[in-house]
Amino acid sequence: MSDTHAQAAQLAFVRTETIPPAPPPVAEAGIVKWLRENLFSSVGNTLLTLVSLWAIWWVLSATMPWIFNGVWNADSLRECREILDGATGACWAVIRERWTQLLFGVTYPADSYWRPTLAFVLLFVALAPVLFPKAPRNLLPFTAIYPFLAYFLVWGGSVWVPVMAAAGFVVGYLVFQRLVAQSFAMGFFGAIAAALVFWSLSGLVTPTLTAIAPVTLEAVPSRDMGGFMLNLILGTVCVSLSLPIGIALALGRQSDMPIIKWICVIFIEFIRGVPLITLLFVANVVLAYFLPPNSTFDLILRVIIMITMFASAYIAEVVRGGLAALPKGQYEAAAALGLDYPQAMRLIILPQALKISIPGIVNVAVGLFKDTTLVSVIAMFDLVGMIRGPILASTEWNGVYWELFGFAAALFFVVCYGISQYSQWLERQLQTERR
Amino acid sequence: MASVTDPEPPRESFRLSMLLNDTRYRGYTFQFIALLLLILFMAYLGWNLVRNLVDQGQDISFEFMGQPASYDINQRLIPYDSQDTHLRAAFVGVLNTLLVAFLGCVTATVLGVLAGVLRLSKNWLVAKLMAFYVEIFRNVPVLIWILIIFFVMTAALPAPSAFRGDDPDSSMLFGAFAFTNRGVYVPRPIWEAGSAIVVAVFLASLVAVFAYRRYATKLLYDTGRLLPMGWPSLAILIVPTLLAFFALGQPISLEYPELRGFNFQDGIQVRGSLIALWFALAIYTGAFIAENVRAGIMSVSHGQTEAAAALGLRPRRIMSLVILPQALRVVIPPVISQYLNLTKNSSLAIAVGYMDVTGTLGGITLNQTGRAIESVMLLMLFYLVISLTISAVMNLYNNAVKLKER
């Protein structure tokens, strides 16, 4: 045995030391491998890649000079064209000159622009604890105050109106706390009644309070709201109002009580069956017939009512999906623990069902925010309405389509893409939590 | 021995408080209250309506639908002039809505399926490009897309006069299509005597194609014999129609648009508003359909592909026999509701002046007659009927393809 070993040691071709690892072939490593696998793996793929490259080049070569050769300082489209002198280039000057109109509309008082801006910034502070589980919890009270603060900032007027509105909610909550021990229904309806009584009484006190402590901002009527601000107002208000209504409708649709069930079914199916534009027509020309004569309900409020109804029907369907996706065992377990219907819903069913329906709800919210542009059809001056109406009709800027619509599209894209990315992030968060 | 009998359960007499505290009766109480509130609310609205109508000296009547509309509709499928009634104007609008919805659905499906499949492509660049398309179009309001395309159609395209002269600035595509700022002019087919036979032959061959494919499938399942599907279908579809067409002396010809005077004459004028609406709805909805298609294909587990391959199926057969039937079950319901959304979104036609039912009945008729309640009610009814029809079809389909479990 050892003999053969010795022989082996003698043989010239036996290597005694290991060779260093060779680098992989050029075609099988790094960027070349990636290119081969992802872009040029077959003839068809190569063709597809070339076509795509051509398409990208075609789009970029058409748009890039136009974007970067743009004119920022001019007073009219004519001046833009003079400056460009035949070269391709955008006339961004329109955005520069009409910037405030695009954001706030024509009639919002210019010295109050800081108010909606502040409300917009504070919106993120208020939303942070709701949207991000890691945000500090002690921001939650601010979230509760925010709707009233935002109303005061955007609409102005006496500070006592939103304060009293908030106080009504506090009163309702206190009544609820006292009565809920007896039964949920008692607490719920008692709270609503108490809040209503408080609000009707506070209407008498508010003028006196305003006279004593006149904390006021310049009041801005709703018809002066416009531009992107109007889209944001409609979007946030309608989504937040439609969430509770939608949940209630979904529960109603799942209910055992036939009358309540059928009221909800008919409402949901009717709203989902007609386009939003017909509902806006209702808000614009029909709703006035169904309100008491000589009542002054301004257009923005009527539009908010109709869009909220629209959104809540869609949210109801999403939540219903969430409710249906829960295993039956959850309902039975809740019943086995001796929980009654409101307790089971609040403690067991809804938290899980809502978690499942978050992506759907976010989709509805994004869709609704995009649909707020439809109000331009009924002569409200939101971002699209501003562009189509006052700006494109003006003698200076008649004909600046691409720049304005590109700007509007970019604004909406940033907001909607941001929200949908957030929803995907949240979905991932919730998934890991469940495992 | 004393027999043990169940003690008679204590019989509780009905008390009024049980209506609220006893779960057996509470449901009735709530339903009664809800119904009462609803009736009160409706009565309140109705009372307001009556008072408002009396105040303004109006009434609810649909007589205006029979009166002359006295406005023109520039894009129509059926004959109409301004002396026709509002009812006919509304009907022209309905047809226009259905036209743009049909065109939009077909185009959106093609775009959506293409983008959805390509987004799953192994080609990195193509996949990213399609993701870009989907995100860009999904996240911007469809109204903005409609307006952008509309302004391109009306502001960026040349006027008809640019086509004039020996060396015109613009020329017609293939000598048949003219893209102008007044719309696109396309050739009009002229139906002469005998054309009905050609059309009938074409329809018959359509039926024949389906019959052949059915027969081939049945043969495959019964005997395992595989007949070719692709080229015989194509041949059955085309050859008899072509034969009939030439045998009858070419009864169908095309009338090309021609520049005469200030405008194009002959041919069919497709307004820029229709094209803007059609394309915008198609690319917008296409982006959503692409996501549905992608989700559907991804929902078929990889094990299915591998199992089919293990059975010895070829890649194309795996696709058509294993993946697609399973994916389609997931894809079709959301796609149908996208069709529904597209149809409802087509009401945005009013923003670009395309005379769909919202533009005629809900637009000019409403403004001319002041019959807001009646017009909006009819408008809603129309859309409601369409929606309910489509969801009925969807339910039928869902029941047909539902997994038959146990």
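So here's what we get for this one:
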item: Zone residues, the stretch A:410-426, relative to A:I358, backbone N less than 15 Å from point 7 Å out along Cα-to-Cβ; result: A:419-426
item: Alpha carbon convex hull of the stretch A:326-372, volume per residue in cubic angstrom; result: 72 Å³
item: 222 nm mean residue ellipticity, helices alone, for chain B (DSSP H n ≥ 4; -39,500 (n - 2.57); rounded to 500); result: -20000 deg cm²/dmol
item: GNM top mover of A:K370, A:K328, A:K33 - chain A, alpha-carbon springs below 10 Å; result: A:K33
item: Surrounding net charge for A:A335, when Lys and Arg each add one and Asp and Glu each subtract one, Cβ distance under 15 Å; result: -1
item: D_trans [Stokes-Einstein, Kirkwood Rh over alpha-carbon pairs] for the stretch A:74-173, 20 °C, 1.002 mPa s, µm² s⁻¹; result: 126 µm²/s
item: Protection-proxy order for peptides B:294-307, A:162-175, each taking the mean of Cβ atoms within 10 Å per residue, highest first; result: A:162-175, B:294-307
item: Compactness of chain B - radius of gyration and Dmax, Cα, Å; result: 30.0, 124
item: Low-density loop cleavage sites - trypsin sites (Lys or Arg not before Pro) in the stretch A:134-218, where at most 14 other Cβ are within 10 Å (DSSP); result: A:K134
item: Shielding by partners, peptide A:261-274 (average Cβ within 10 angstrom, other chains); result: 3
item: Value of Rg to Rh for the protein assembly as shown (Rh from inverse mean 1/r over Cα pairs, i.e. Kirkwood); result: 1.03
item: Scaled radius of gyration (Cα, divided by 2.2 N^0.38 Å) that the stretch B:189-262 gives; result: 1.60
item: Candidate lysines - alpha carbon under 17 Å from A:K33, same-chain residues fewer than 8 apart omitted; result: B:K122
item: Antiparallel DSSP beta bridges within the protein assembly as shown, percent to nearest 5; result: 95 percent
item: Kirkwood Rh in Å, taken over all unlike Cα pairs in the stretch A:30-69; result: 11.5 Å
item: Greater than 22 Å apart at Cα, pairs in A:K261/A:K328; A:K261/A:K370; A:K370/B:K344; A:K261/B:K344; A:K328/A:K355; result: A:K261/A:K370; A:K261/B:K344
item: Alpha carbon centroid spacing (whole Å) that separates the stretch A:270-286 from the stretch B:235-251; result: 49 Å
item: Helix runs (DSSP H) in chain A reaching 24 Å along axis by Cα, Kyte-Doolittle at least 1.6; result: A:114-131, A:184-212, A:299-325
item: Residue-averaged beta-carbon neighbours from other chains (10 angstrom radius) around B:363-373; result: 2
item: Distant-in-sequence amide H partners of A:G157 (H built 1.01 Å from N, under 5 Å); result: A:L217, A:E218, A:A219, A:V220
item: Averaged over A:370-378, number of beta-carbon atoms from partner chains that fall within 10 Å; result: 5
item: Computed over chain A: relative contact order in percent, which uses C-alpha pairs under 8 Å that are six or more apart; result: 16 percent
item: Overall dimensions of the stretch A:157-217 as given by Cα atoms, namely Rg and Dmax in Å; result: 13.8, 43
item: Cα-Cα pairs of the stretch B:315-406 separated by more than 17 Å (percent); result: 63 percent
item: Sites A:I212 and A:L291, calculated FRET efficiency, Cβ-Cβ separation with R0 30 Å, nearest 0.05; result: 0.35
item: Cα-based Rg of the stretch B:43-91 normalised by 2.2 N^0.38 Å, two decimals; result: 1.64
item: Relative contact order [Cα under 8 Å, 6+ residues apart], the stretch B:208-284, whole percent; result: 16 percent
item: Relative packing of peptides A:374-385, B:36-47 - highest average C-beta neighbours within 10 Å first; result: A:374-385, B:36-47
item: Accessible-area composition of the protein assembly as shown, carbon plus sulfur, in percent [1.4 Å probe]; result: 68 percent
item: Intensity falloff of the stretch A:379-435 expressed as log10 I(q)/I(0), Debye formula with alpha-carbon point scatterers, at q = 0.15, 0.16, 0.23, 0.26 Å⁻¹; result: -0.57, -0.61, -0.88, -0.98
item: Euclidean distance between Cα centres, the stretch A:297-347 to the stretch B:178-192, Å; result: 52 Å
item: Chain A: calculated mean residue ellipticity at 222 nm from DSSP helix runs of at least 4, using -39500 (n - 2.57); result: -22500 deg cm²/dmol
item: Isolated Cys residues of chain A, judged by Cβ distance under 4.7 Å to other cysteines; result: A:C238, A:C264, A:C416
item: Taking the convex hull of Cα positions in the stretch B:5-137, its mean projected area over all directions (nm²); result: 22.9 nm²
item: Two-decimal log10 I(q)/I(0) for the stretch A:185-227, as the Debye equation yields it once each C-alpha is a single scatterer, q = 0.15, 0.32 Å⁻¹; result: -0.65, -1.01
item: Whole-number Å³ per residue for the convex hull built on Cα positions in chain A; result: 318 Å³
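The values are calculated or read from the model by the stated rules, or taken from the named source; none is laboratory data. Just so it is clear, the structure is predicted and the values come from calculations on it, not from any experiment. As a convention, Cβ positions derive from the backbone with ideal geometry for all residues, glycine included, and neighbour counts pool all protein chains shown. Calculation scope for accessible area: heavy atoms of the full protein, side chains included, ligands and nucleic acids excluded. Shrake-Rupley method; radii C 1.70, N 1.55, O 1.52, S 1.80 Å.
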